[in-house]
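Heads up: the structure comes next, in structure tokens.
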Amino acid sequence: MNDIDNEGHQKSNNIITATELKSNLGTYLDYVIDNNEVVITKNGKKAVRLTPYLTDSDRYFLMKEKALDYQYGGKKVSYEEFREIYEKSDMRMEFINGEIVLLSSPSIIHQEISGNLYVGCKEYLKGKGCKVFYAPFDVHFRKEGFKDPDVMQPDLLVACDVAETTDEKGRYMGTPVLVIEILSPSTRSKDMVDKLNTFMISGVREFWIVDPDQEIIVVYGFKDLDIDHFRTYRKQETVRSYWFPDLEVSGTLIFP
């Protein structure tokens, strides 16, 4: 966030004067409440630090997360480097196009939608030899023409090759048939562009994008590493799978 001075101009840092604080108290309070800090100066000297109210434990974990984000978020590394970093970290992270992406905790509505979809898929898959999994669950997507795979944690996925692609450490190393991502403000562009491309050229057959804000589900079907099917379903409609015969889920059951 760029701060605002007492003349309405934006500033590029978080150091302000006491006069600026008085003139824009509400703006700065909102900024600090959103887990930021502001330093206030008086007569040209730093006098007060305005910080959000947090317990000692809350502040520890917040600062730890910000430090990890500064250290790893957006960093370009090799696939081998990512796996080494990932093994030593307790943070959820993905590896997309050679870049580390840190994952935040999902919202309540996100979890409700995920749970509803999991129940619907699990019921359909009974006796069919495929399994549905939900995040956190690492998947190594090996893209056609690329040396390194992308490593992601889809919100939900359906895999039909678990038995033959699970390694000696019990990790799934295959390619899902169906992947479902639930959009959030921080992941919207990544899910709709980067992940769509990864899934398409790595052999995934079907991709659902669930938008909680607009209450719509977009279904993509892939064939020969290209888009073969595209349809948007609204909450009042029944979502129909491109790949699985008779897999149907009512939109009213998906959205809480």
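The values are calculated or read from the model by the stated rules, or taken from the named source; none is laboratory data. From a predicted model like this one, the values you see are computed outputs, not experimental measurements. So basically every Cβ, Gly included, is an ideal-geometry build from the backbone, and we count neighbours across all protein chains shown. Surface areas here come from the heavy atoms of the whole protein model, side chains and all, with no ligands, DNA or RNA. Shrake-Rupley method; radii C 1.70, N 1.55, O 1.52, S 1.80 Å.
In the range 214-230, the qualifying residues are those that are of a type outside the set (A, V, I, L, M) and out of contact with any Lys or Arg (no Cβ under 9 Å at 6 or more places or on another chain), and the one that is surrounded by the most Cβ atoms within 10 Å (Cβ to Cβ) is D228.
The single condition among (1) surrounded by 20 or more Cβ atoms within 10 Å (Cβ to Cβ); (2) modelled with pLDDT of 95 or more that V249 does not satisfy is (2). Checked against (1) modelled with pLDDT of 90 or more; (2) over 18 Å from the mean Cα position of the chain (by Cα), A47 passes all but condition (1). Evaluate the range 158-174: report whether one residue or more is within 18 Å of V101 (Cβ to Cβ), surrounded by fewer than 21 Cβ atoms within 10 Å (Cβ to Cβ) and aliphatic (A, V, I, L, M). No: the range 158-174 contains no residue that is within 18 Å of V101 (Cβ to Cβ), surrounded by fewer than 21 Cβ atoms within 10 Å (Cβ to Cβ) and aliphatic (A, V, I, L, M).
For D148, the criteria (1) in contact with a Ser or Thr (Cβ under 9 Å, 6 or more places away or on another chain); (2) more than 30 Å from T252 (Cα to Cα); (3) open to solvent by 60 Å² or more (accessible area, probe 1.4 Å) hold in every case but one, which is (3).
Residues that are modelled with pLDDT of 85 or more and not polar (S, T, N, Q) were ranked within the range 102-113; the one that is most open to solvent (accessible area, probe 1.4 Å) is I108. Here the range 15-37 is the region considered, the condition is being over 27 Å from M91 (Cα atoms) and either open to solvent by less than 40 Å² (accessible area, probe 1.4 Å) or at pLDDT below 85 (or both), and the residue that is nearest to the chain's Cα centre (by Cα) is Y28. Restricting V239, V210, V179 to those that are more than 23 Å from L103 (Cα to Cα) and either surrounded by 13 or more Cβ atoms within 10 Å (Cβ to Cβ) or touching a helix residue (DSSP H, G or I) at 6+ places or on another chain (Cβ under 7 Å) (or both) reduces the list to V239.
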